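Below is one structure, written out as structure tokens; the observations come after it.
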Amino acid sequence: VKMPVDGPNAKSTTALSLLLFVVTLSGMMMFRDSFAASKVGTIAGGAVSSVLFFFLVTGFGNMFDTAGWFSVIFALLIAEICAAMVHGVCVTTCFMFSAGILYYMNQASKNIYYAPAKPAKAEKSKKRR
């Protein structure tokens, strides 16, 4: 199958990200007792919850053509609720990991969609000695 030059369309990306959200959430709920059993597990539960945040932001961004602050906060709220179903500490670690993911998503977006402006070259003076 030949991929289009512009990449996958928004509908397929939205469907894939929401499908991955559901699969990750179901896996997290299946192993929530294992996540809650240890300190490292609660940190891992927060990391998995932040992956849920990533999938939601990607899905919302493709669904609504932009990921504004409302979409980001709504996705974070859903990810935090999912983290709270595992353990209370997962909520805090989910917030921290999600902030990191959001920062790197923003940097990647800037690198892809906003080309840096080329500085204007200074003209050389044509003075003769």
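The values are calculated or read from the model by the stated rules, or taken from the named source; none is laboratory data. This structure is a prediction, so every number in the text was calculated from the model and none was measured. Note: ideal-geometry Cβ built from the backbone for every residue, glycine included; neighbour counts use all protein chains shown. SASA here: full protein model, heavy atoms, side chains in, ligands and nucleic acids out. Shrake-Rupley method; radii C 1.70, N 1.55, O 1.52, S 1.80 Å.
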More than 15 Å from residue 91 (Cα to Cα) and at pLDDT 90 or above: is that true of residue 30 in this structure?
yes
Checklist entry - Just a yes or no: is a residue in segment 26-34 crowded, with 16+ Cβ neighbours inside 10 Å and touching a residue at least 12 places away in the same chain (Cβ under 8 Å)? => result yes
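Here's the yes/no breakdown for (1) over 13 Å from residue 43 (Cα atoms); (2) modelled with pLDDT of 95 or more; (3) of a type outside the set (A, V, I, L, M, F, W, C):
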site	(1), (2), (3)
87	no, no, yes
93	no, yes, yes
99	yes, yes, no
108	yes, no, no
117	yes, no, no
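Examine segment 64-77 for a residue that is among the hydroxyl-bearing types (Ser, Thr, Tyr), assigned to a helix (DSSP H, G or I) and without any contact (Cβ under 8 Å) to a residue 40 or more places away in the chain, and state whether such a residue exists.
There is at least one residue in segment 64-77 that is among the hydroxyl-bearing types (Ser, Thr, Tyr), assigned to a helix (DSSP H, G or I) and without any contact (Cβ under 8 Å) to a residue 40 or more places away in the chain.
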Right, residue 24: in a helix (DSSP H, G or I), of a type in the set (S, T, N, Q) and closer than 18 Å to residue 81 by Cβ or not?
-> yes
Of those in segment 41-78 that are more than 10 Å from the chain's Cα centre (by Cα) and among the hydroxyl-bearing types (Ser, Thr, Tyr), the residue surrounded by the most Cβ atoms within 10 Å (Cβ to Cβ) is 49
Subset of segment 79-117, residues open to solvent by 70 Å² or more (accessible area, probe 1.4 Å), farther than 12 Å from residue 52 by Cβ and in a helix (DSSP H, G or I), comes to 92, 95, 96, 103, 104, 106, 110, 111, 112, 113
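Go through segment 27-63 and give me each residue that's of a type outside the set (A, V, I, L, M, F, W, C) and assigned to a loop (DSSP other than H, G, I, E, B).
Matches in segment 27-63: 38 only.
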- Just a yes or no: is a residue in segment 2-22 among the hydroxyl-bearing types (Ser, Thr, Tyr), more than 23 Å from residue 92 (Cα to Cα), over 14 Å from the mean Cα position of the chain (by Cα) and open to solvent by less than 80 Å² (accessible area, probe 1.4 Å)? yes
